[in-house]
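*Asks:* Please see the structure below; I have some questions.
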Amino acid sequence: MKNFKFISISFIFFAVFALTLVHFKATKESSVIVDIPEGSSITLISNILFEEGLILNPILFKIYTRLTLSDNKLQAGEYLIDSSQSVYTLNKKLLEGDFYYRKLTLLPGSTLKTILNLADSAGLVNDLDTIDITLEEGIFYPDTYYYLKGETFSSILFQSHMRWKEISNELWESRDDDLPYANIMEATTLASIIEKEGIEKETIAGVFINRLKLNMKLQSDPTVIYALGENFDGDIKRKDLRIDSPYNTYRYRGLPPGPISIVSEDSLHAALRPKETDYLYFVSMGNGFHKFSKNLTDHNKAVLEYQMNER
């Protein structure tokens, strides 16, 4: 009888001890991203967690997963461990595949070159050289996209493009009458210029629409900057305004051949629903806003006033 009591007490003690270890949390003050490779054995997974300081003992983790029949069910992938975890919660996280989702943000005004440079640093598989895809400025929707490590760059761009098509088609269907666009890409082209010009988007759009209808040159600095590319040093010079590029709206009339950047929904909305004004000119006032003018005389006065203030 005494032996039975001893065994019972020993079993209870062991059970309490085991439960304590299972639910005990290793001290981890900072978050960590853990990458469990495809095909990892429970031994490798246990060692990875131990090396990251997430568990006290790899053997205990192995024993626990085998007792709970989860040792062959833990899922490979990236996991964000943002606080101390017990063996129980770590096992549950890997068993359920509570993966860490990375994010890629495409900003309004960013160019295709900027977007393409994001692939490697974002942990995406850059498969653009292996698939038949035509890339051009302005056909992506600016947003934050979530994905798992190892996903393809083309899949993110496809999501962004499909979202852009959905939004742009909706806006195109509700556009104003009598706009100087043959199609949505021409509207997107002007929207990309508006995106770069300033925050009074609908008024700026109205100015450009007026100029297009009068066959005036758009004379937009952002198009010159785009034409200069890597040769732009941060300051537009007089000689830059003469650069021979179809994107140079100081030299060529009408719209450039295509967009110069990703556009926000607000900019495209402005291009398709511009504010009706008599303005033909505008100049930056140096505070984020612009001085709009109806004639060249007033515009020249505004240029002199605000450019002198900036200097």
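*Asks:* List every residue pair whose Cβ atoms sit under 8 Å apart, with the two residues 6 or more apart in sequence or on different chains, where the first one lies in the range 67-80 and is closer than 13 Å to GLU96 by Cα and the second, anywhere, is among the polar types (S, T, N, Q) and part of a loop (DSSP other than H, G, I, E, B).
*Replies:* Filtered contacts from the range 67-80: LEU74/SER40; ALA76/SER40.
*Asks:* Which residue, of LEU116, LEU135, LEU190, LEU148, is modelled with pLDDT of 95 or more and either in contact with a strand residue (DSSP E or B) (Cβ under 6 Å, 6 or more places away or on another chain) or not assigned by TED's automatic domain parsing to the domain that holds VAL32 (or both)?
*Replies:* LEU190
*Asks:* Condition first: farther than 10 Å from PRO274 by Cα and surrounded by fewer than 19 Cβ atoms within 10 Å (Cβ to Cβ). Now tell me which residues in the range 197-209 satisfy that.
*Replies:* Correct list: GLY198, ILE199, GLU200.
*Asks:* Could you check THR114 against (1) surrounded by 14 or more Cβ atoms within 10 Å (Cβ to Cβ); (2) closer than 30 Å to ILE193 by Cβ and say which number it fails?
*Replies:* Exception for THR114: condition (1).
*Asks:* Condition test on LEU280, is it surrounded by 16 or more Cβ atoms within 10 Å (Cβ to Cβ) and outside the structural domain of LYS294 (by TED's automatic domain parsing)? Spell out the reasoning first.
*Replies:* Working: surrounded by 16 or more Cβ atoms within 10 Å (Cβ to Cβ): yes; outside the structural domain of LYS294 (by TED's automatic domain parsing): no.
Criteria not met by LEU280.
*Asks:* Still on this structure: Go through LEU268, LEU272, LEU228 for me and flag whichever is more than 28 Å from THR297 (Cβ to Cβ), touching a Lys or Arg at 6+ places or on another chain (Cβ under 6 Å) and not hydroxyl-bearing (Ser, Thr, Tyr).
*Replies:* LEU272
The values are calculated or read from the model by the stated rules, or taken from the named source; none is laboratory data. Here the structure is a predicted model, which is why all the values come from computation and not from measurement. No Cβ is skipped: glycine too gets one built from the backbone with ideal geometry, and neighbour counts run over all protein chains shown.
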